[in-house]
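A.B. asks: The structure that follows is given in the form of structure tokens.
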Amino acid sequence: MHVTDSAVQLLWANPVVAAGAGYTARSGVTGLLRHRPYARVLGRFVAAFLWGSGGVAALTALGVPLGLTLPLALTVLTVVALTLTLVFAGGMIRPATADSTD
């Protein structure tokens, strides 16, 4: 059993299903956390994760080797996470607060 077998079964290796699941999850997370300042950002991260999982599942179903898709997906995830970490740590983006007045 490969790592992405569960993703292929969950998303039926169809990018349209993954896109729909991403949009639904984004609206659900945003609606659930609507009073928090970070609700939209967190919703977009959840949607992007589902879209990426659907892309990897679709490529695996098309026969692209897992040895190519998984390291590529992990590299993209690592670059995005490290970039956001450095931006926050460097002070280029301030953490969102509900009662900040500028």
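Readers should treat all values here as calculations from the given coordinates under stated rules, not as data from a laboratory. As the structure is a computational prediction, the values presented were derived from the model and not from experiment. Counting neighbours? That spans all protein chains shown, and the Cβs are built from the backbone with ideal geometry, glycine included.
A.B. asks: Can you tell me, using C-alpha contacts under 8 Å and at least 6 residues apart, the relative contact order of the stretch 15-90 as a whole percent?
C.D. replies: Working: 48 pairs, mean separation 22.3, N = 76.
It rounds to 29 percent for the stretch 15-90.
A.B. asks: May I ask for the distance between the Cα centers of the stretch 62-77 and the stretch 30-44, given as a whole number of Å?
C.D. replies: 29
A.B. asks: Between residue 44 and residue 17, what FRET efficiency comes out of the Förster formula 1/(1 + (r/R0)^6) with R0 = 22 Å and r the beta carbon distance, rounded to 0.05?
C.D. replies: Values: r = 19 Å, r/R0 = 0.86.
Given R0 = 22 Å and the Cβ-Cβ separation, E is 0.70.
A.B. asks: Would you mind checking which residues have amide H under 5 Å from residue 33's amide H? H placed 1.01 Å from N; only 5 or more apart, or other chain.
C.D. replies: Result for residue 33 returns nothing.
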